[in-house]
Every structure is written in structure tokens, then in C-alpha cells.
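The next block holds one structure in the form of C-alpha cells; read it before the comments.
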Amino acid sequence: QQQQQQQQQQQPDESGSVAAGLAPVSPLSSSPGGAAALLRSAREWLNAAAEVAAASAAASEAGPVIEDEAKEVADPDAGGREEEEEEEDDDDEGEDVPIAPPASYLKKGPRSSVSAEAYGEWNKLKEFTPPVHAKSDEQKARILNVLESSFLFNALDKANLDILVGAMIEKNMASGERLIKEGDDGEVMYVIESGSVECKKKIDGEEKVVKVCGAGDFFGELALLYNCPRAASVDTTQAVVVWQLDRESFNHIVRDASMKKRQLYEDFLKSVPILKELGDYERSQLADCLQKQSVAAGTEVIKQGEDGNRFYLVEEGELSVTKDGTEVLTYKAGDYFGELSLLREDKRAASVIARTEAKLLWVDRKGFKSLLGPLSISMEKHATSAYA
């Protein structure tokens with residue numbers, strides 16, 4: 001029994017041998033033949049362990065390559081798809097991505113402020129093609145007669161006037177109809193050919209008449225000029241004939257022509273020596289108020305002894321000044337006249353007659369006083385020396 005206990009104590013644990021990767025050691029290992037077998041097993045185990053270690057090191061260095069090869073074996077088309085996705089990403093980077101409009105533009109409600117029309121990638125300014133509504137020659141003549149008497153349209157040349165006439169639509173309205181409602185968006189304006197309308201504004205919660213318009217007058221232009229809501233309501237007081245003009249035609253023809261007129265007149269006003277004392281703001285205001293008048297050779301623009309109500313600037317042509325039948329002075333482009341009777345509240349001191357065809361710009365007494373009042377001293381000095 002003691003001999004058997006000693007043999008059991010010397011025998012290795014089979015489970016430990018298996019866990020270490022060795023073959024279980026039999027009781028014969030204590031014999032000479034068993035020792036040799038055990039030595040061979042140890043050598044084989046060491047060689048196998050070295051091979052496993054070398055393989056592990058090689059695998060760690062070539063890991064990514066092995067993974068890619070494994071993926072390629074598993075899915076041969078995966079690499080091609082990845083290359084296509086990368087190319088698509090590169091293409092996307094080069095493409096023009098549409099610019100989203102500002103949140104304020106998408107959420108805008110009725111026009112609640114005075115501003116110019118906004119344009120951008122979300123609201124591009126489109127090429128303008130004017131509408132054409134068929135009209136008889138009699139209708140065209142009636143429209144032109146109304147437009148030519150209105151200062152809003154006097155900056156237009158014949159070509160633009162013809163476009164405007166073609167774009168207008170005739171409207172016949174009975175008495176008591178509402179053409180415009182205060183606070184609404186404005187998409188059209190009107191020119192009155194015949195009849196009359198009342199402009200009403202809410203004051204202290206009650207509509208009150210603030211203006212009456214008749215033949216030759218126009219209304220509704222403010223909402224188009226300043227992109228703002230209707231400032232007042234307009235009701236017919238009798239049967240009326242009005243000519244309706246849409247926003248797009250108005251903006252491209254009337255508003256743009258007014259802006260070009262201002263720029264043209266501002267440049268001209270800068271060339272008039274006496275007006276160089278005006279600031280940019282005063283000069284632009286004067287440019288807006290100027291009215292254009294073309295006269296033929298021989299036309300008497302001013303007559304000696306008459307009341308004076310206009311101040312004139314010579315844009316083109318020549319005019320002669322006569323006093324008591326004698327020529328005393330000549331006016332050419334850049335000169336001005338008519339200021340004396342406005343400054344001194346007196347009759348015209350001389351007559352002015354066009355020697356050639358001439359283009360004149362004029363402003364009435366009210367505009368002269370408000371815009372050119374600061375120049376009165378300079379003009380008086382100039383008149384004293386020039387007309388002595």
C-alpha cells in the first residue's frame with residue numbers, strides 16, 4: 001500500500017498535462033523506456049510551440065492584408081462597390097449644391113415692411129417678357145393720352161410707352177366697387193381714364209377719405225414701388241374706366257426707367273455750376289422732381305411780363321433771351337433760367353425763345369422753394385452780375 005501511494009504522488013496530473021497541450025503521462029514514465037518517450041514528447045511540444053509563435057507574429061504583421069483577402073474571398077464585388085462609392089463622394093463634392101432660401105423667406109407672410117424686391121438663388125430675377133393684350137388704335141390713343149399727362153410715366157421713351165400700352169388691361173367698374181383693400185398685397189396699379197375714386201384709410205378704427213383721384217390720376221403704385229402692403233382702400237364713386245398694369249411690367253418698365261432717369265439727371269445736375277453746392281441727397285431729390293419738356297425751334301418758353309411758376313435747366317439746344325425786343329443773352333446746355341421771378345416773387349423780366357430744338361428740365365415753384373431754397377443767395381449774386 002505504501003508503494004502504491006508513492007507512485008500516485010509521483011504521477012503528474014492528467015488534467016494539467018492536457019491543459020498545457022501535452023499528452024497525459026502514463027505511470028510508465030518512471031521507467032527508463034517511459035523517460036525516453038516523455039523526452040520525445042517534450043521535444044515535439046517545443047517545436048510545435050515555436051511554429052505557433054512564428055505563425056502568430058506573421059499574422060499580426062499582415063493582419064490588414066489577410067482581412068482584405070478574407071473579405072474579397074467572402075464577397076468578390078465588395079471592393080468594386082467601395083471604389084464606386086468613393087468616386088460618387090468625390091463627384092458630390094464637385095457638384096453645385098442648391099442654396100436653400102433663408103428661413104425668413106420660406107416663412108414670410110403678407111408684406112409687412114417697405115423694402116426692395118429680394119432676389120437670390122431661391123428667387124432669381126427672371127428674364128422679362130412683357131405681356132401683350134390686343135387693343136384697337138382708339139384704345140391705344142386713349143391710354144397714351146392718359147400716360148403722357150402723368151409725371152410717373154414721363155421718363156419713358158416711345159418704345160417703353162408702346163410696351164406699357166400693350167401690357168395694360170381695360171377695366172370698367174360700376175359705382176361703389178372696391179378696387180383696393182388696405183393691408184392687402186399689391187400686384188397691380190391703375191391709371192384712371194374717366195370717372196373718380198376715393199382713397200380711404202382707417203383712422204381710429206373708422207375709414208376716412210384722405211384723397212380723391214380723377215381722370216389722369218393713378219393709384220396703387222406705392223405697393224409696387226416699395227414692395228409693401230396697400231396703404232389705403234380705394235372705392236369708385238361713379239362709373240369709371242381704369243387701365244390696369246401688373247407688377248412685373250411696372251417694375252421692369254416704369255420703375256427701372258425712373259431709376260435710369262434719376263441717374264441721368266443726377267449726372268447732368270453735377271455739371272451745372274450753381275448746383276454743385278447741393279449735397280448728394282438734395283441732388284437726388286431734385287432729380288426725382290424734374291420734368292422734361294422738348295420744344296421746337298422758335299417756341300417761346302417764357303414771355304416777358306407774365307407770372308413765373310417754373311425754374312428751367314437747359315439739357316440740350318440753344319435759346320435766346322430778349323428784353324423789350326432786343327436779344328441780350330444766349331442759353332446753352334448746362335445753363336438755367338426763370339429763377340428771378342421765383343426768388344423775387346415778380347413778373348418775368350425777359351422772354352426766352354428756343355433758337356434750335358431744345359430739351360428742357362423744369363421744376364415748379366413749390367419744388368424750387370423746398371429744394372433750391374439754400375441756393376437763393378448764390379442765385380441772387382449770379383443774377384446781379386449776369387443780368388446787369
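If the segment from S376 to A174 were pulled out straight at 0.36 nm per residue, it would be longer than the present Cα-Cα gap by 67.7 nm.
Taking the average, over residues, of other Cβ atoms within 10 Å as the packing measure, peptides 360-366, 344-350 rank 360-366, 344-350 from highest down.
Just the protein heavy atoms count here, and of the accessible area of the range 171-287 at 1.4 Å, carbon and sulfur take up 49 percent. With protein chains left intact and a 1.4 Å probe, residues in the range 327-386 average 50 Å² of accessible area per residue. Expressed in units of 2.2 N^0.38 Å, where N is the residue count, the Cα radius of gyration of the range 347-388 is 1.41. The fraction of all Cα pairs in the range 249-388 landing in successive 10 Å bins from 0 to the largest distance is 11, 42, 35, 10, 2, 0, given as whole percents. The slack between K270 and T322, meaning 0.36 nm per residue of separation minus the straight C-alpha distance, is 15.9 nm.
Pull out a ≥ b ≥ c, the square roots of the eigenvalues of the alpha-carbon gyration tensor of the range 282-321, then state rounded if a/c is under 1.5, prolate if not and a/b is larger than b/c, and oblate in the remaining case. Here the range 282-321 falls in the oblate category. Dividing the alpha-carbon radius of gyration of the range 154-301 by the rule-of-thumb value 2.2 N^0.38 Å gives 1.25. Rolling a 1.4 angstrom probe over the protein heavy atoms with all chains in place gives the range 148-254 an accessible area of 45 Å² per residue. Judged by the mean number of other Cβ atoms found within 10 Å, the most tightly packed of the peptides 170-178, 257-265 leads the ranking 257-265, 170-178.
The values are calculated or read from the model by the stated rules, or taken from the named source; none is laboratory data. Small disclaimer: the values here were computed from a predicted structure and weren't measured. Cβ sites come from the backbone with ideal geometry, for glycine too, and all protein chains shown count toward neighbours. Just the protein is used for accessible areas: all its heavy atoms, side chains included, with ligands, DNA and RNA removed. Shrake-Rupley method; radii C 1.70, N 1.55, O 1.52, S 1.80 Å.
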